[in-house]
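Working notes, beginning with the structure itself.
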Amino acid sequence: MLKRIKLNMDLIEAMLYFWQATNDREKVSEKYLNDVSNMDGLTLIYDNEFNAESVRKVLSAITNREPFSPGNKKEGRFWNNNMWMMEDLEYTNLMIQPLKKLNLDDLIEKLQNEKYEELEVIISPMHLDEYKIADNKLVINFFRVKPGDIDDNLYINEKEIKTYIEEKLKELL
């Protein structure tokens, strides 16, 4: 019986520090980059084209202001999306602040099942994919989140984020 839906923003909090520090011309340590590359929201999306070394290489090039030549499309998109976040940190905060307040408790009753006691929604700075499902975890690409033009809601593909999350969680049940 489902008892809890956990929203995991740890990776986005870590990336927010990275984006702000790098934007302020502070150097972010290699250890920090390695720690970030080992966080759940990223390790769950790794494959033969995109892995911890891809993340470290991209973020290192950004923080050190070095030219970057992607090894594949996924690395290129990851680099591009991270650069985009640093261009306008106000916009980045418009994406992050509503996520921090997002409460998924009302979805528990709608998603009742015997398979899992806990579901986890991880917001992650992904590359090309919109989302990924792994066991009881839904990993959502932070770069696909868009603030509303006329309201305080967030959207992914024109769907309000809570509706989007509910639909994707139903897929993993």
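The values are calculated or read from the model by the stated rules, or taken from the named source; none is laboratory data. Being a predicted model, the structure only gives us computed values, none of them experimental. Backbone-built Cβ (ideal geometry, glycine too); neighbour counts: all protein chains shown. Side chains included, ligands, DNA and RNA excluded: accessible areas come from the protein's heavy atoms. Shrake-Rupley method; radii C 1.70, N 1.55, O 1.52, S 1.80 Å.
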- If you check I96 against the conditions, is it β-branched (V, I, T) and either without any contact (Cβ under 8 Å) to a residue 40 or more places away in the chain or in contact with a strand residue (DSSP E or B) (Cβ under 7 Å, 6 or more places away or on another chain) (or both)? no
- Query: With V28, V55, V36 as the choices, which residue is out of contact with any strand residue (DSSP E or B) (no Cβ under 8 Å at 6 or more places or on another chain), at pLDDT 95 or above, assigned to a loop (DSSP other than H, G, I, E, B) and crowded, with 17+ Cβ neighbours inside 10 Å?
  - Reply: V28
- Query: If we keep just the residues of region 137-157 that are in a strand (DSSP E or B) and basic (K, R), which is nearest to M15 (Cα to Cα)?
  - Reply: K146
- Which residues, taken from region 87-126, are more than 22 Å from G148 (Cβ to Cβ), open to solvent by less than 10 Å² (accessible area, probe 1.4 Å) and over 20 Å from the mean Cα position of the chain (by Cα)? L111
- Task: Would you be able to tell me the number of residues in region 16-39 that are of a type outside the set (A, V, I, L, M, F, W, C) and under 22 Å from K73 (Cα atoms)?
- Result: 3
- Y131 being modelled with pLDDT under 95 and aromatic (F, W, Y): no
- Message: Just the residues that are surrounded by fewer than 17 Cβ atoms within 10 Å (Cβ to Cβ) and charged (D, E, K, R), please, taken from region 148-173.
- Response: D149, D151, D152, E158, K159, E160, K162, E167, K170, E171
- Item | Filter pass, Y155 being free of Cβ contacts under 8 Å to residues at least 12 places away in the same chain and aromatic (F, W, Y) | yes
- Query: Under the condition of being open to solvent by 70 Å² or more (accessible area, probe 1.4 Å) and more than 20 Å from I12 (Cβ to Cβ), which residue from region 58-78 is nearest to the chain's Cα centre (by Cα)?
  - Reply: K73
